Amino acid sequence: MIEHLELFFKSIFIDNMVFAVFLGMCSYLAVSKKVSTAVGLGAAVIFVLGVTVPLNWLLDQYLLKDGALVWLGPEYADYNLSFLSFILFIATIATMVQLVEIVVEKFSPSLYNSLGIFLPLIAVNCAILGGSLFMQAREIPNLGLALNYGVSSGIGWFLAILAIAAIREKIRYSNVPAPLRGLGITFIITGLMGIGFQSFGGMLTGDNEPPEEPTATTTAKAKEEKEIKKELEDEEKTVSYNEVINK
Amino acid sequence: MALLSKKDANLILDPLADNNPITIQVLGICSALAITAELKASVVMAVSVMFVLAMGNVVISLMRNIIPSKIRIIVQLVVVATLVIIVDQVLKAFAYELSKTLSVFVGLIITNCIIMGRFEAFALGNGPWKSFLDGLGNAAGYGIILVIVGFFRELLGSGTLFGFKVLGDPVTKTGLYSIGYENNGFMIIPPAALIVVGIIIWVQRSRNRSLIEEA
């Protein structure tokens, strides 16, 4: 249970799709002019991520991973098809988006009207493919967590687009320098929001664990410390080497 | 440019400045910004996108008359995915460390909006040679922004370029560091990339007033 909660908050706040890894930026910038459309697209992203990440997790587990084909028989244990993951993941996503669109149109016309126009847009949204690729790269251990990961990253993306849309609606009344109007100021605001979100980095490090995503200054310090340590070690090595020679 | 007619040359030169895919068309920001903390990664990313976009444009342009328009998105995705797999495997074979740094972002070239955008807007309606030039030009326009952002972030954030310590050594306090200069750790964190791009847009639009958006 606790790992579910941890993954949930981590994917929403710390590894936020938009602010930490810049996924889905194109639609994020293009569709964030009004809050209502932003909500529609955000909901569609949560939905599609929640469907495709678990599906791709199954694909990865039983088809693509090193030795994943072993359920076919022991002679298949040596196969590693992971180089096919890009093409399979994107095919799953494109097909799922089409399927979801058809199903939703058939059974819930009202949902289709609010969500439908955004669905085709989503097939080529980097956040969706990124969700599946990160799921693979981070080696999420089971289906439940994969579902959790998909939905919570979707929620993170939803929050981000909702926030920027609200800010953009307000900023229309401000006197922004002419060359920054529109795209430029949106970039800078997103950057500032990203810096704000960085402060969530320490959220899940209550125990004595080292922080998972240290802030920039600490990384720089840690880097320096590491370098000094390395130099010290090198010196030690040369010293001991000399001793050996002397002996 | 004796090799190219003036029209063809414009296909390459336009996207470099006044029709830049990132700052004007707002395409392909997704997979780009996260990897610009180092110049080397930016250059590799730019070259990879150039390969995928130019080759993809040629392939789509050759097939443009036989692709049924209803399933063209899937056909395009398959073409891009195949090219990206090639790039990914080459990187893994010859630059393993770098491919670890780029991690999932190589795969995300597939959903880079520049690629789908150019396929839709250009390759489906033009011949292979023109499409090749268009791909080259747009990928170069994208690459230029990547390299500029990577240059400033690495120089100001780590004081290095391509991993060489151009400003001196921050630990032993040589070069610029001996007079009290410090690295700006702020430039290394991801949101700084957005702010750098914002500033690039600002500079470009102040120089060319016709690009300013009506709010």
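The values are calculated or read from the model by the stated rules, or taken from the named source; none is laboratory data. None of these values were measured; they are calculated from a predicted model. Quick reminder, even Gly has a Cβ in these numbers, built from the backbone with ideal geometry, and neighbours come from all protein chains shown.
Considering only the stretch B:89-126, how many residues are of a type in the set (A, V, I, L, M, F, W, C), part of a loop (DSSP other than H, G, I, E, B) and either more than 10 Å from chain A (Cβ to nearest Cβ) or over 14 Å from the mean Cα position of the chain (by Cα) (or both)?
2
Out of (1) polar (S, T, N, Q); (2) more than 25 Å from B:ILE29 (Cβ to Cβ); (3) at pLDDT below 85, what's the single condition that is false for B:GLN89?
(3)
All but one of (1) out of contact with any helix residue (DSSP H, G or I) (no Cβ under 7 Å at 6 or more places or on another chain); (2) within 11 Å of chain A (Cβ to nearest Cβ); (3) surrounded by 14 or more Cβ atoms within 10 Å (Cβ to Cβ); (4) not hydrophobic (A, V, I, L, M, F, W, C) hold for B:GLY175; state the number of the condition that does not hold.
The one condition B:GLY175 does not meet is (2).
Just to verify a result, which residue in the stretch A:70-90, among those that are assigned to a helix (DSSP H, G or I) and over 20 Å from B:PHE105 (Cβ atoms), is nearest to the other protein chains (Cβ to nearest Cβ)?
Checking each candidate, the answer is A:TYR76.
What is the residue count in the stretch A:176-209 for residues that are modelled with pLDDT under 85, of a type outside the set (A, V, I, L, M) and surrounded by fewer than 17 Cβ atoms within 10 Å (Cβ to Cβ)?
Number satisfying all stated conditions: 8.
Yes/no matrix, rows are residues, columns are (1) touching a helix residue (DSSP H, G or I) at 6+ places or on another chain (Cβ under 6 Å); (2) without any contact (Cβ under 8 Å) to a residue 60 or more places away in the chain; (3) crowded, with 24+ Cβ neighbours inside 10 Å; (4) within 14 Å of chain A (Cβ to nearest Cβ):
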{"position": "B:LYS6", "(1), (2), (3), (4)": "no, yes, no, no"}
{"position": "B:ILE12", "(1), (2), (3), (4)": "yes, no, no, no"}
{"position": "B:ILE22", "(1), (2), (3), (4)": "yes, no, yes, yes"}
{"position": "B:ALA54", "(1), (2), (3), (4)": "yes, no, no, no"}
{"position": "B:ILE60", "(1), (2), (3), (4)": "yes, no, yes, no"}
{"position": "B:LYS70", "(1), (2), (3), (4)": "no, yes, no, yes"}
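Can you tell me which condition A:GLU243 does not meet? The list is (1) at pLDDT 85 or above; (2) part of a helix (DSSP H, G or I), and all the others hold.
Status for A:GLU243: all satisfied but (1).
Looking at B:LYS130, B:LYS173, which one is of a type in the set (Lys, Arg) and in a helix (DSSP H, G or I)?
B:LYS130
Can you pull out the residues in the stretch A:30-59 that are part of a helix (DSSP H, G or I), surrounded by 23 or more Cβ atoms within 10 Å (Cβ to Cβ) and within 14 Å of another protein chain (Cβ to nearest Cβ)?
Of everything in the stretch A:30-59, those that are part of a helix (DSSP H, G or I), surrounded by 23 or more Cβ atoms within 10 Å (Cβ to Cβ) and within 14 Å of another protein chain (Cβ to nearest Cβ) turn out to be A:VAL45, A:VAL48, A:LEU49, A:THR52, A:VAL53, A:ASN56.
Can you pull out every residue in the stretch B:191-212 that is touching a helix residue (DSSP H, G or I) at 6+ places or on another chain (Cβ under 7 Å) and modelled with pLDDT under 80?
B:LEU211, B:ILE212
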